[in-house]
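Notes follow the structure.
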Amino acid sequence: MSALNRVRRQPSIQALPARWRPVYVKAGSEPDGIAPVCSDPDHEEVDGGVYDCCGELVIEVPDPHLAEYLAALLTADRGEGR
C-alpha cells in the first residue's frame, strides 16, 4: 500500500468534506484559499466568498492556481469529481 493510500484511510481524512472550492481569504482579485462548499442553500457553490454560514475550515494558499488545483484535487479524491 502506498503512503498516499495509507493517509487516505485515516479517520481525519475520511471526515473531510467531499466538495471543495477556491475562496477569497483576503480582499483580492484572485482566490487565495480553499474551503468546503458551503451547505447553506442561499450560498451559491461558485461564490468564492467566505461567510458565517461556511464554517471554520478555510485553508490559505500562496497562489490562485494552487487554490484551484487543490480544490479540484480534494473534490476528485473524495469521490465527488468522478
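The values are calculated or read from the model by the stated rules, or taken from the named source; none is laboratory data. This structure is a prediction, so every number in the text was calculated from the model and none was measured. Please note: Cβ atoms are built from the backbone with ideal geometry, for glycine as well, and neighbour counts cover all protein chains shown.
For this structure, a couple of remarks:
- Failed condition for GLN14, given (1) touching a strand residue (DSSP E or B) at 6+ places or on another chain (Cβ under 8 Å); (2) modelled with pLDDT under 95; (3) not small (Gly, Ala, Ser): (1)
- Applying a threshold of 8 Å to beta carbon distances and a minimum spacing of six or more residues, or different chains, the list of pairs starting in region 1-28 at a residue that is within 15 Å of LEU57 (Cβ to Cβ) and ending at one that is among the β-branched types (Val, Ile, Thr) and in a helix (DSSP H, G or I) reads ILE13/VAL7; ALA18/THR75; ARG19/THR75; TRP20/THR75.
- When the criteria are applied in full, PRO36 fails the requirement of being touching an Asp or Glu at 6+ places or on another chain (Cβ under 7 Å) and at pLDDT 90 or above.
- Restricting the first member to region 36-51 and to residues that are over 16 Å from PRO64 (Cβ atoms), and the second to residues that are outside any loop (DSSP other than H, G, I, E, B) and of a type in the set (Lys, Arg), the beta-carbon pairs closer than 7 Å and six or more apart or on different chains are VAL37/ARG21; GLU45/ARG21.
- Subset of region 64-82 (residues that are at pLDDT 95 or above and acidic (Asp, Glu)): GLU68
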